[in-house]
């Protein structure tokens, strides 16, 4: 882990709460743009939670391409090399789904470092081979094309992916078509609230079923506030 990273303990706690609950917690804390859109799950049923390691693609410019580095020193390899267990590679492309950020050979690196998965609003190629690597795959689309027309320009920087600003070290919670970004500085507060809220939801469900009443009788802010206060006593 890098200095200042969210701990493995907190990452593990995020594995057990619903993505909708996480979204609600982040939204209530003043970060409404935290739900990624236009990204498909290509490993359905696989839940991915981890710290964001970021990579940025931009439309091709020869000077940017030349300055970024090539071969094993290219930004994509530096970004993947920064990943490990508990990390997710997040790749921003400005939703360029007609080009692949990478395919079988390049994304082998994520398997080698034990990353949790890859999330991009761009395209990927060689899906059948990549699915065999065992990590989560979320992308804007599948394409046979390469990346001609765009280039990596930086790793470890703020990126926009699926309409959401993602900063290095943010917590990503992804499951099927739900992908939520949790700013790292509020991650512990978010998971504390999410765990308590889901526990209270179970209590409310029991109340509704016990009385066989419409959910609206108890599924409201007043009930949750009352139950929360009772837990403190």
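FYI, it's all coordinate maths here, none of it is from the lab. Remember, it's a predicted structure, so these values are computed and weren't measured experimentally. Here Cβ is always computed from backbone atoms with ideal geometry, including for glycine, and neighbour counts include all displayed protein chains.
Enter the per residue convex hull volume of region 36-120, computed from alpha-carbon coordinates, in Å³ rounded to the nearest integer.
104 Å³
Looking at region 89-205, what % of its DSSP beta bridges pair antiparallel, to the nearest 5? Mind showing how you got there, number by number?
Working: 8 of 17 bridges.
Rounded to the nearest five, the antiparallel share is 45 percent.
Apply 1/(1 + (r/R0)^6) to the Cβ-Cβ distance of residue 129 and residue 231, taking R0 = 41 Å, and write down the FRET efficiency to the nearest 0.05.
0.25
Looking at [x] 32; [y] 43; [z] 37, which value of percent of Cα pairs over 29 Å apart comes from a calculation on the structure shown?
Correct label is [x].
Let me make sure I get this right: for region 128-233, a, b and c are the square roots of the gyration tensor eigenvalues over alpha carbons, sorted descending. Under 1.5 in a/c it's rounded, otherwise prolate if a/b > b/c, else oblate. Which is it?
Prolate is the answer for region 128-233, as a/c is 1.5 or above and a/b outweighs b/c.
When the convex hull of the C-alpha atoms of region 1-82 is computed, what volume per residue in Å³ does it have?
Here the figure is 174 Å³ per residue.
Using only C-alpha atoms and all pairs of different ones, pull out the Kirkwood radius for region 189-232 in Å with one decimal. Please report the intermediate quantities before stating the final value.
On the way: mean 1/r = 0.0923 Å⁻¹.
This gives a value of 10.8 Å.
Can you sort 150, 105, 112, 207 so the residue with the fewest Cβ neighbours within 10 Å comes first?
105, 112, 207, 150
Calculate the FRET efficiency for residue 167 and residue 202 from the Cβ-Cβ distance with a Förster distance of 35 Å, rounded to the nearest 0.05.
0.60
Cut-off is 10 Å between beta-carbons; in what order do 54, 120 appear when sorted fewest neighbours first?
Lowest count first: 54, 120.
Could you tell me the relative contact order of the chain? Use alpha-carbon pairs under 8 Å, at least six residues apart, and round to a whole percent.
Taking the mean separation of contacting Cα pairs over the length of the chain, I get 28 percent.
Among 93, 19, what is the fewest-to-most ranking by other Cβ atoms within 10 Å?
Values: 93 26, 19 20.
Exposure proxy ranking, most exposed first: 19, 93.
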